[in-house]
Each structure stands twice: as structure tokens, then as C-alpha cells.
Amino acid sequence: MEVKIDGSWKEVLSSEFNKEYFKSLTDFVKNEYSTKTVFPPGKNIFEAFNLCSFSNTKIVILGQDPYHTPGVANGLAFSSNSGQRIPPSLLNIFKELKSDLGKEIPDSPDLTAWAKEGVLLLNATLTVEKGKAGSHQGRGWEEFTDNVIKMISAKKDNIVFILWGAYAQAKESLVDTSKHFIIKSAHPSPFSAQRGFFGSRPFSRANKYLEEHGIIPVKW
């Protein structure tokens with residue numbers, strides 16, 4: 001199974017790929033893809049790392065795991081393939097973007113453009129079995145993505161971490177808050193967006209922080 005990942009990440013993560021837990025994770029994932037229907041497509045497992053290089057990472061948005069319905073997951077947290085309907089949480093993200101920055105709600109749910117702008121759209125778990133949300137949790141992906149967060153925190157400065165909901169906010173302890181900026185609010189899910197996501201203005205706040213530290217803001 002061939003995966004795509006930017007060269008700068010290969011260098012940063014080379015030691016991680018050689019750890020025993022990751023070898024076990026790789027064996028599990030390969031077996032799942034060969035025996036079941038798993039999302040995203042194999043070549044897109046590391047799409048977040050392929051489109052947003054380590055050197056270009058400015059903002060990290062944390063999700064939980066990929067969409068588990070056919071044709072939806074594309075390897076980027078909250079994102080979906082062009083041509084699909086906009087998932088409910090992403091629609092609320094777009095509504096907040098319009099309220100915050102005046103951007104019209106896009107027709108496409110594909111967030112590739114954000115990734116290329118330096119937004120790492122990172123799910124804690126990078127694969128999922130069809131129709132079974134959370135089915136690949138506890139297999140090693142969380143250890144891997146937690147270590148990615150730690151590496152970003154240690155090796156970079158002035159990164160914005162956007163943590164929506166309790167699951168993402170539990171990752172705050174992995175970040176050195178003395179040199180990075182945390183934005184927290186309720187999750188954009190329709191079940192919680194009214195409890196503090198709407199009106200939280202994460203996009204303008206993130207760009208303001210970047211500009212204050214001499215970093216080119218993101219074109220959301």
C-alpha cells in the first residue's frame with residue numbers, strides 16, 4: 001500500500017516510523033485494508049502531512065477520526081471530497097467563517113486549499129472501517145498523532161492549535177503554551193455548536209496571532 005507524505009515530515013517522523021508500536025500499527029492497517037472496506041483510500045492516509053509540509057505548518061486543527069461513509073473521507077480532518085454534500089460540522093465551521101471573516105460559504109467541502117495554506121488538519125485516528133465510527137481507535141494511531149503534536153510543539157514556534165470540543169482539548173497538555181497559541185471552544189457539531197462554537201471567531205484570532213509574530217496569515 002503506497003502512501004503519500006511530504007518529505008519534510010518523513011525527516012521529522014523517521015524515528016517514529018521505526019518504533020515497535022508503529023510497526024504493529026502498520027501491520028494492523030495493512031490487514032484491515034486487505035480484508036475490509038476502510039477509509040480514507042490508502043493513498044490518502046497521510047494526506048494531511050502530504051499537503052501541509054512540516055516547514056509550512058502554521059495552524060493545527062484537531063479532529064477525531066475519518067468519516068466512515070463511502071466517498072467522504074479524504075485524509076483531512078473535517079474535510080470531504082469535492083462533489084459530496086458538506087458534512088454538518090463543516091457547514092457550521094463555514095458559517096462561523098462567514099460570521100468571522102465575511103467569507104461566503106463554499107460549495108465544496110474539500111479543505112485542500114487550507115492545508116496548502118499551512119493548516120494541518122489532523123485527525124487523532126487516521127483510518128476507520130466502513131460504517132464503524134471509532135473502529136481503529138486504540139490501535140496506535142493516537143500514540144502517533146500525540147507524538148506529532150509534541151514534535152510540532154518542541155520543534156516549532158508560534159503555532160496556533162485550534163481545539164474544538166472536549167476530545168481535542170484533552171490534547172492541550174501536549175503543547176508548550178508558553179510559545180504557542182491555543183484557541184478552544186465547543187465542537188462545531190450541530191449538537192454543541194450553539195454552546196460556544198458560534199461567535200468564537202477562531203479564524204480572525206488565529207490570523208491576528210500569526211501577524212503579531214511576523215507570520216503570513218492564512219487565506220481561509
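The values are calculated or read from the model by the stated rules, or taken from the named source; none is laboratory data. Every value quoted in this text rests on a predicted model; they were computed, and no experiment measured them. FYI the Cβ positions are ideal-geometry reconstructions off the backbone, even for glycines, and counts take in every protein chain you see. Note: areas computed on protein heavy atoms with side chains; ligands, DNA, RNA excluded. Shrake-Rupley method; radii C 1.70, N 1.55, O 1.52, S 1.80 Å.
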Per-residue accessible area for Glu47 at 1.4 Å probe radius, Å² rounded to 10?
-> 20
Accessible-area order (highest first, 1.4 angstrom probe) of the listed residues Thr127, Thr177 = Thr177, Thr127
Proximal aspartates and glutamates to Lys116, defined as alpha-carbon separation beneath 13 angstrom and excluding residues fewer than eight positions away on the same chain = Asp6, Glu47
May I ask you to rank Leu111, Leu51 by accessible area, largest first, using a 1.4 Å probe over the protein chains only?
-> Leu51, Leu111
Could you give the size of the charge dipole of the range 151-220 about its Cα centre, using +1 on the Cβ of each K and R and -1 on the Cβ of each D and E, expressed in debye and rounded to the nearest 20?
-> 140
The chain, Rg to Rh (Cα coordinates; Rh as Kirkwood inverse mean 1/r) | 0.94
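Around Asp107, under 15 Å between beta carbons, what's the net of Lys plus Arg minus Asp minus Glu among the other residues? Don't skip to the answer; put the middle values down first.
Numbers: positive: Arg85, Lys95, Lys98, Lys103; negative: Glu104, Asp110.
Every neighbour counted, the sum reads +2.
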Charge dipole (the chain, unit charges on Cβ, about Cα centre) - positive-most of Gly196, Phe78, Leu120 = Gly196
Counting only backbone N atoms under 17 Å from a point 7 Å out along Cα-to-Cβ of Thr26, the residues of the range 44-77 in range are 44-47
Can you tell me the alpha carbon radius of gyration of the range 132-181 divided by the globular rule-of-thumb value 2.2 N^0.38 Å?
-> 1.24
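If I take R0 = 45 Å and measure r between the Cβ atoms of Glu211 and Ser15 in this structure, what FRET efficiency does the formula 1/(1 + (r/R0)^6) give, to the nearest 0.05? Intermediate values should be presented prior to the final figure.
Details: r = 34 Å, r/R0 = 0.75.
Working from the Cβ atoms, E equals 0.85.
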Of Pro66, Pro41, Pro106, which has the largest mean-square fluctuation in a 10 Å C-alpha GNM of the chain?
-> Pro106
Radius of gyration, Dmax [the range 131-220; alpha carbons; angstrom] | 14.7, 44
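Rounding to the nearest 20 debye, state how big the charge dipole of the chain is about its Cα centre with +1 on each Lys and Arg Cβ and -1 on each Asp and Glu Cβ. It would help to have the intermediate numbers written out before the result.
On the way: 27 positive and 24 negative charges, 60 e Å.
Approximately 280 debye in magnitude.
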For Tyr167 and Arg201, calculate 0.36 nm times their separation in residues minus their Cα-Cα distance, and state this gained length in nm to one decimal.
-> 10.3 nm
What does the accessible area of Ser189 come to, in Å² to the nearest 10, when a probe of 1.4 Å is used?
-> 20
Cross-link partners of Lys103 among aspartates and glutamates (Cα-Cα below 20 Å; sequence separation of 8 or more within a chain) | Glu117, Glu211
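Using a probe of 1.4 angstrom, how much of the accessible area of the chain is carbon and sulfur, in percent?
With neighbouring chains kept in place, the figure for the chain is 49 percent.
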Just the accessible area for Tyr67, please: 1.4 Å probe, Å², rounded to the nearest 10?
-> 60
Alpha-carbon Rg with Dmax, taken over the range 76-150, Å = 14.3, 41
Hull surface divided by four, with the convex hull built on the Cα atoms of the range 1-112: how many nm²?
-> 7.9
